[in-house]
Amino acid sequence: MIRLERVGKTFDGPGSSFTAVRDVSMTVGQGRFVGLVGPSGCGKSTLLGIIAGLIPSTAGRIELHGRAVAGVPPDIGYLFQRDALLPWKTVFENVALPLLIRRVPAAEVGERARRWITRVGLAGFERYYPHQLSGGMRKRVSLATTLIYEPTVLLMDEPFSALDVQTRNLMENELLELWAETRNTVLFVTHDLEEAIALSDEVVVLTASPGRIKASYTIGLPRPRNVVEIRFLAEFTRLYEQIWKDLRDEVQASYAFTRA
């Protein structure tokens with residue numbers, strides 16, 4: 001579903017340049033949930049932007065469904081760290097907007113928007129505006145807005161990092177429930193290794209900048225999962241210790257670089 005072959009990105013500045021990612025090759029199979037972890041500044045968000053067609057790569061090749069990425073693919077969803085909601089529109093209007101842009105018939109737009117609002121647990125809040133909602137509720141609106149047009153690929157850039165721990169765990173479980181129904185191909189960026197293990201089929205570790213793939217780990221924990229309860233399994237602890245050994249060295253290298 002997603003294939004990267006020796007992808008690189010260098011940003012040119014006045015009198016200097018910065019390489020964010022270098023020689024990244026990876027494949028994400030259809031319907032797989034893959035977590036991407038690495039130290040701050042290692043190019044995780046840059047990779048998502050390249051896959052989404054928002055950032056042009058300076059090296060390598062990116063394919064979706066076996067076709068080279070050229071521009072923004074129509075069947076890709078992107079969930080940002082911050083809520084990308086229009087503050088002057090209601091919950092219903094925000095959720096319906098992607099279908100209106102795609103010129104879906106009005107009758108179908110209304111039915112699908114109401115169905116997705118109900119699926120994310122916000123029935124009764126259709127006429128509320130984003131500023132009237134909690135952080136978790138806004139994130140549910142963002143999920144419905146992204147999933148309503150049924151993207152085959154879902155890119156998620158630390159979508160729950162701003163939430164409190166309890167709300168975050170609830171949203172993680174809700175995401176897994178929705179994913180079990182939709183089976184999107186998911187690439188999920190996070191700084192939280194526990195979150196990556198709890199959610200993913202596979203966890204990919206990136207090196208300190210410039211980001212390269214250091215290791216990849218298959219997560220064989222049983223599904224369906226509860227992201228809180230699964231942390232008590234001995235296999236979860238073993239995976240965490242194993243992956244952290246790789247990640248720790250890169251975090252330390254990145255920290256040392258920023259202090260130099």
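The values are calculated or read from the model by the stated rules, or taken from the named source; none is laboratory data. The structure displayed is predicted, hence computed values, not measured ones. Don't worry about glycine lacking a Cβ; one is built from the backbone with ideal geometry, like all the others, and counts go over all protein chains shown. The area values use the complete protein model at the heavy-atom level, side chains included, leaving out ligands, DNA and RNA. Shrake-Rupley method; radii C 1.70, N 1.55, O 1.52, S 1.80 Å.
Do we find a residue being among the charged types (D, E, K, R), farther than 17 Å from residue 52 by Cβ and without any contact (Cβ under 8 Å) to a residue 24 or more places away in the chain anywhere in the stretch 112-131? There is at least one residue in the stretch 112-131 that is among the charged types (D, E, K, R), farther than 17 Å from residue 52 by Cβ and without any contact (Cβ under 8 Å) to a residue 24 or more places away in the chain. Among the residues of the stretch 218-229, is any at negative phi and in a helix (DSSP H, G or I)? Checked against the condition, which is being at negative phi and in a helix (DSSP H, G or I), the stretch 218-229 yields at least one hit. Evaluating residue 83 against the criteria (1) open to solvent by less than 40 Å² (accessible area, probe 1.4 Å); (2) closer than 28 Å to residue 226 by Cα; (3) outside any helix (DSSP H, G or I); (4) of a type outside the set (Ser, Thr, Tyr) leaves one unmet condition, (1).
Among the residues of the stretch 216-227, is there at least one that is under 14 Å from the mean Cα position of the chain (by Cα) and not aliphatic (A, V, I, L, M)? No: the stretch 216-227 contains no residue that is under 14 Å from the mean Cα position of the chain (by Cα) and not aliphatic (A, V, I, L, M). Residues in the stretch 172-185 that are over 13 Å from the mean Cα position of the chain (by Cα) and either on the phi > 0 side of the Ramachandran plot or of a type outside the set (Asp, Glu) (or both): 173, 178, 180, 182, 183. Residues that are within 27 Å of residue 240 (Cα to Cα) and open to solvent by 10 Å² or more (accessible area, probe 1.4 Å) number at least 3 in the following helices (runs of 4 or more DSSP H) confined to the stretch 90-199: 165-182. When the stretch 1-45 is examined, which residues are found to be β-branched (Val, Ile, Thr), open to solvent by 20 Å² or more (accessible area, probe 1.4 Å) and within 16 Å of the chain's Cα centre (by Cα)? Matches in the stretch 1-45: 27 only. The set of residues in the stretch 195-213 being modelled with pLDDT under 95 and not hydrophobic (A, V, I, L, M, F, W, C) consists of 207, 209, 210, 211, 212. From the list 230, 219, the one residue that fits, being closer than 26 Å to residue 50 by Cα and of a type in the set (A, V, I, L, M, F, W, C), is 219. Residue count for the stretch 51-68 under the criterion of being in a loop (DSSP other than H, G, I, E, B) and open to solvent by 30 Å² or more (accessible area, probe 1.4 Å): the result is 7.
Can residue 242 be described as open to solvent by 50 Å² or more (accessible area, probe 1.4 Å) and more than 20 Å from the chain's Cα centre (by Cα)? Yes, satisfied.
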